1. Sort 153-161, 27-35 by the packing proxy (mean of other Cβ within 10 Å over each peptide's residues), most packed first.
2. With the full set of protein chains in place, find how many percent of the accessible area of segment 25-81 is carbon and sulfur; take the probe as 1.4 Å.
3. Pairs of alpha-carbon atoms within less than 8 angstrom and 6+ residues apart define the contacts here; what relative contact order does segment 24-171 have, in percent?
4. Could you check the spin-label model distance between residue 142 and residue 97? Points 7 Å from the Cα along Cα→Cβ, value in nm.
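The values are calculated or read from the model by the stated rules, or taken from the named source; none is laboratory data. Everything numeric in this text was worked out from a predicted model, so none of it was measured. Here Cβ is always computed from backbone atoms with ideal geometry, including for glycine, and neighbour counts include all displayed protein chains. To get the accessible areas, we keep the full protein, side chains included, count just its heavy atoms, and leave off ligands, DNA and RNA. Shrake-Rupley method; radii C 1.70, N 1.55, O 1.52, S 1.80 Å.
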Amino acid sequence: MQHYIKCLAAVSFAMSCQLAQAGVIVQPTTVSASTSDFGGAYALVNQINQSGLSAGYIAGVTDFDSFVASTTHDGLSALNSGFSVGAYGSFSYDLGAVYDIDAIGLWATSNSGSVLQFNLYADNDNDFSNGNSGLLGGFTAVGSNNTAADPGQAFSFSEVATRYVHMEIVTTNSGPQPGLGEVIFRTATMVPEPEPMALFAVGLVPVWLRLRKKA
């Protein structure tokens, strides 16, 4: 009987591990700027559409840490990087739903204007100007080396549950049009699906009935 219970517990735990995975990539669904989208070959959407990356990822599946550490960006200012019009300002990322996140991953761009120093804010809406955002921290990225293999960079902060993240641009490597090659976020935790525990509970029913009958 004890062996039966242990087996059920092991199966339930294994299923939970497969379904509940922390540290995977969250891909923003939209990106906007406080000024305006540069548009054309430099459209902001290039920051979140995986263009220019040396490898693709699957949101909600691919491990964030290993992906950022092993993936490069072609660094092209045209087609594969997104810029906004006007000096500095901010980028706003909509994650599409509320996630517990604790890191941002980004890739620079070879064009002048690649974001260097920036502040991150969590917000309950997509409006950075209304004062509802909370500071996650200030960070300094490494400027593009103007080669075809700009490495990924990861920056961690305290876990926060949010749907919207604002990047306030403090400095760029040069030039008034700020931009980046790619941006992703990391989930801090994911709540296990209820199915494994439900299956475990169902499996214990015959055990309970048998013990009750003995009593």
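1. Numbers: 153-161: 14.6, 27-35: 18.1.
The peptides rank, most packed first, as 27-35, 153-161.
2. Values: 1460 of 2470 Å².
Here it works out to 59 percent.
3. Working: 353 pairs, mean separation 44.6, N = 148.
Over segment 24-171, the number comes to 30 percent.
4. Rounded to a tenth, the inter-label distance reads 3.5 nm.
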